[in-house]
């Protein structure tokens, strides 16, 4: 549904995108993440036809952003970062204006506005002046505006920025609803924990290049192969480390933190290949060795972890083609 | 979110359509025609600053008129004379307020949306740049015109004092509205390319005020020409004391008084529209195509119209023929040189052109086969009729002049096209260099001819005149051999320039096809 191939963009002498390649399948929610200045907004503006790429191609629903920007605009709903609103309008006037601006036929306009109002729960705010809406309410209004022409693809640039926790939860719920409706959503955000709950695909941009792109689980598998558990023992952490290295399927054992006393308590990060039975074998081995186990916890494989791994340089950032899965 | 129950105050969302009242229905119809017009006008009319300015300006004008009116009547004891003076003062004051309000409103019309980050959703909507610009122009013009209309309650009592026909009021109001349209259009054109409202507002005000003075000067210049056959006159509403706007009843003055100003108004408005639209177009689109079309059309039409009106009006019998001919040919040549820019820029291909091949007129201009031949054909077919129309009483050397003109167009146009093809990313530079070349050669050609004349072996019968803008009021007698030498030199330059233009375009095409090193 969204295809970017070898996208290069330069502002004068400064090259911001250096060959960005990623594909987003129809109906998926794609989390587009990266540090500040990585080129996320530039990529999004190229996809939204607001910037022309210096090189490479980008297509939305089969339409090229350079050759056919009008067609791209028809199938796309774009919500810019920190977008403004017409403050002297009521919420209803705002939506009605954009419904007609988007060319929604007058016979369908009322029902279309009603649909987005219901979807974004703006019913109680229709008569309210836009200028008195809270940040969260404005974001809902902007999202409602984005949905008015029922686009196939939604591009949301930092939709959760500056929102309070309640508004974030509301937005997350709304995005989940949109995903259920079959919309293809590309959203950039810094709030990775929020993205992890709603995205099924992820793309990590660093310094104008895609460091990783694909389904979250596959990206994680590629960047950090194997599974991991954290094991906390009450004493003899050194013995536990030595013991676990002989358990079949265990790839590596690493002590977490500074354990001054090798006979004292500690935490171990155990990487292994296998399923839940392998975890049971690890616990059994420790128990047989008379090592008191306090906790066994699967390591979280969230976006934050992937992001940190990719952007911190702990994993050498592979090229886009290498990690495209 | 959608699953949450609406609170007690919530409005049943399905009732939106049923709530339409009469006024709401009218607004809906207006919005159907152009949503941006409705949106911008609604926002302006809800802005207290705008309403306050209009009310305050009208009240000030009324008080000022009352105060000055009493004083003037004491001096003159004549209602008619007092009314005429008051009329000029109030009209001028209203024009000043309108210029300030119009330039401020239009300067902010697009720049403010850019600053408030509301422009992107608007440009990405289905409206397109054309409807956005027209809607914004309409809304801002109506808001600006309201200032003039608000002055009518002050003007009507003055008119009722006598001495001013209602037709004068009508002409003056129409002039004010036309002036307002230009102010708004210029402000919008600036606004579409501006990042900051504050800076652009200042520029728009300065431009408007200087434009106001220029308009007055223009009217004054024409008033001198028309004064002889006057029946009555109106003092110019644009602060220029000598701007007498004479309305004679002779048909030939219609060209000067109606056609020429109408052409100028239309030309300025269309340029402003194209400039504003270019600022809102998608970056992958050719933003300059419309402006280039305007430049070629407007220049040739304008030059021809000026030449014809000069001949028709007999401004100065002795110089009419030469001046008209120079006007016509110079502007036609400028237009034709622009045709080369059309050719030079597109053949240095853009990425859009590669992916989205041009159609229709665009394709005609972007045809890669022999664009120079096309340009020369278009050039001669436009230039010659205009020249013929302007230069009545042709003599035998007309063909020689035509060949000279065609060679000149080829040389200058080829250079302009070459620059355009070499630096496609810097079109302003390309056009600047081209126009500079045209100016320099326009000045240089007669000087060259003059030099030849000074050292001519034998004076001949051919009169060499500048194909550029500069008219030297003397005839240069040049030998036919020298004329032929000059013409063939120019033709050689033309061929060389066009060839280099193609080579440059070819290099550009190869460069663009390669992936930039990153």
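The table that follows gives values for the structure above.
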| item | result |
| --- | --- |
| Subset of region A:74-91 that is facing another protein chain (nearest Cβ under 7 Å), within 23 Å of the chain's Cα centre (by Cα) and not in a strand (DSSP E or B) - its residue that is farthest from residue B:126 (Cα to Cα) | A:82 |
| Qualifying residue in region B:138-160 (condition: part of a helix (DSSP H, G or I), within 14 Å of chain A (Cβ to nearest Cβ) and surrounded by fewer than 22 Cβ atoms within 10 Å (Cβ to Cβ)) | no |
| Failed condition for residue B:200, given (1) in a helix (DSSP H, G or I); (2) over 21 Å from residue B:40 (Cβ atoms) | (2) |
| Residues located in region A:1-30, provided they are within 11 Å of chain B (Cβ to nearest Cβ) and on the phi > 0 side of the Ramachandran plot | A:6, A:12, A:19 |
| Any chance residue B:86 is out of contact with any helix residue (DSSP H, G or I) (no Cβ under 6 Å at 6 or more places or on another chain), more than 14 Å from every other protein chain (Cβ to nearest Cβ) and either part of a helix (DSSP H, G or I) or at pLDDT 70 or above (or both) | no |
| Matching option when the condition is surrounded by 22 or more Cβ atoms within 10 Å (Cβ to Cβ) and assigned by TED's automatic domain parsing to the domain that holds residue B:273, among B:128, B:92, B:102 | B:102 |
| Scope region A:105-119; condition more than 7 Å from chain B (Cβ to nearest Cβ) and modelled with pLDDT of 90 or more; matching residues | A:111, A:112, A:115, A:116 |
| Matching residues in region A:121-147 - criterion: being touching a residue at least 60 places away in the same chain (Cβ under 8 Å) and within 15 Å of residue A:181 (Cβ to Cβ) | A:143, A:146, A:147 |
| Matching residues, region A:10-57, being surrounded by fewer than 24 Cβ atoms within 10 Å (Cβ to Cβ), over 18 Å from the mean Cα position of the chain (by Cα) and assigned to a strand (DSSP E or B) | A:10, A:11, A:14, A:15, A:16, A:18, A:19, A:55, A:56, A:57 |
| Matching residues in region A:60-73 - criterion: being facing chain B (nearest Cβ under 8 Å) and buried (at least 23 other Cβ atoms within 10 Å of the Cβ) | A:65, A:66, A:69, A:73 |
| Any hit, region A:60-69, residues being under 25 Å from residue A:177 (Cα atoms) and free of Cβ contacts under 8 Å to residues at least 40 places away in the same chain | yes |
| Residue list for region A:140-166, restricted to those being more than 18 Å from the chain's Cα centre (by Cα) and part of a helix (DSSP H, G or I) | A:140, A:141, A:142, A:144, A:145, A:146, A:147, A:166 |
| Selection from region A:77-96 of residues that are free of Cβ contacts under 8 Å to residues at least 40 places away in the same chain and either outside the structural domain of residue A:180 (by TED's automatic domain parsing) or buried (at least 23 other Cβ atoms within 10 Å of the Cβ) (or both) | A:96 |
| Residue B:185 being buried (at least 20 other Cβ atoms within 10 Å of the Cβ), modelled with pLDDT of 80 or more, away from every other protein chain (no Cβ under 14 Å) and within 19 Å of the chain's Cα centre (by Cα) | yes |
| Selection count where residues are in contact with a helix residue (DSSP H, G or I) (Cβ under 8 Å, 6 or more places away or on another chain), modelled with pLDDT of 75 or more, within 7 Å of chain A (Cβ to nearest Cβ) and under 19 Å from residue A:85 (Cβ atoms), scope region B:22-58 | 2 |
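Residues checked against (1) away from chain B (no Cβ under 13 Å); (2) over 23 Å from residue A:56 (Cβ atoms); (3) touching a residue at least 40 places away in the same chain (Cβ under 8 Å); (4) in a helix (DSSP H, G or I):
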site: A:168; (1), (2), (3), (4): no, yes, no, yes
site: A:173; (1), (2), (3), (4): no, yes, no, yes
site: A:176; (1), (2), (3), (4): no, yes, no, yes
site: A:182; (1), (2), (3), (4): yes, yes, yes, no
site: A:187; (1), (2), (3), (4): yes, no, yes, no
site: A:190; (1), (2), (3), (4): yes, yes, yes, no
site: A:212; (1), (2), (3), (4): yes, no, yes, no
site: A:219; (1), (2), (3), (4): yes, no, yes, yes
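The values are calculated or read from the model by the stated rules, or taken from the named source; none is laboratory data. Keep in mind it's a predicted model, so treat the numbers as computed, not measured. Cβ: placed from backbone, ideal geometry, glycine included. Neighbour counts: every protein chain shown.
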